[in-house]
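A quick write-up on the structure given underneath.
The values are calculated or read from the model by the stated rules, or taken from the named source; none is laboratory data. Only a predicted model underlies this, so the values are computations on that prediction, with no experimental measurement involved. With ligands, DNA and RNA removed, areas are computed over all heavy atoms of the protein, side chains included. Shrake-Rupley method; radii C 1.70, N 1.55, O 1.52, S 1.80 Å.
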Amino acid sequence: MGEQTSLTIISLSTLLNSEKLDKDMIQCALSSFCPVKDHEDIKHFLDKAAIPQEEQKISRTYLWFDEESLAVKQIKILGFFAIALKVFRFSEEIPTKKRQRITKNSNQETNQFAPAFLIGQVSRSIDTQKGVGIILVREALSRIKEAQNIVGGNFVYLDCHNETKIIDNYMKSGFKYLQDKQDGSGDIQMYLKL
């Protein structure tokens, strides 16, 4: 993978606001990303949703790439993550006491919903080594903690394919199982208290 001193993480909005790059070049780089796991949601996000969500300020996407590739206007994305602030809905099966521990909200009337940070997407490219995904999650959490210091918030969550290897990787970063996703997809939701 080469020397890591020239690797950088930069927000998609910074690239979009750059006078050196045009939107088509950025979209081409997003569309050519080859994730280590062939999940359609990752490709769809980069192809169709990343730029519109960035422009509408729905989420922030951060790209990990080699700075030298940017200098020659050939962006090769090695990994990325997207974060957002959302309203989380607890399943009715989650006991009130657990909701209160996670949200630090003792009001039983209002603890079915809670503001939370979302790690919406995380993926490394097939051109990277094992362990890069964990680095990307740490980088996402670092930015979330910066936001938490400004706006508050008690926890971060993510939606995860119900695959042991993926779940284990998130657990290495401190995430815990919370609930099955309520959309019938078979995915799960994991959380981390901040």
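See the values below:
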quantity	calculated
Added length on full extension, which subtracts the Cα-Cα distance from 0.36 nm per residue, residue 47 to residue 193	49.4 nm
Length gained when the stretch residue 92-residue 8 is fully extended (0.36 nm per residue, less Cα-Cα span)	26.1 nm
Full-extension gain in nm, residue 32 to residue 130, via 0.36 nm per residue minus C-alpha separation	33.2 nm
Relative contact order computed over the chain (Cα-Cα under 8 Å; 6+ residues apart), in percent	18
Helix runs (DSSP H) in the chain reaching 24 Å along axis by Cα, Kyte-Doolittle at least -1.0	132-151
Average accessible surface area per residue within the stretch 128-194, 1.4 Å rolling probe, Å²	54
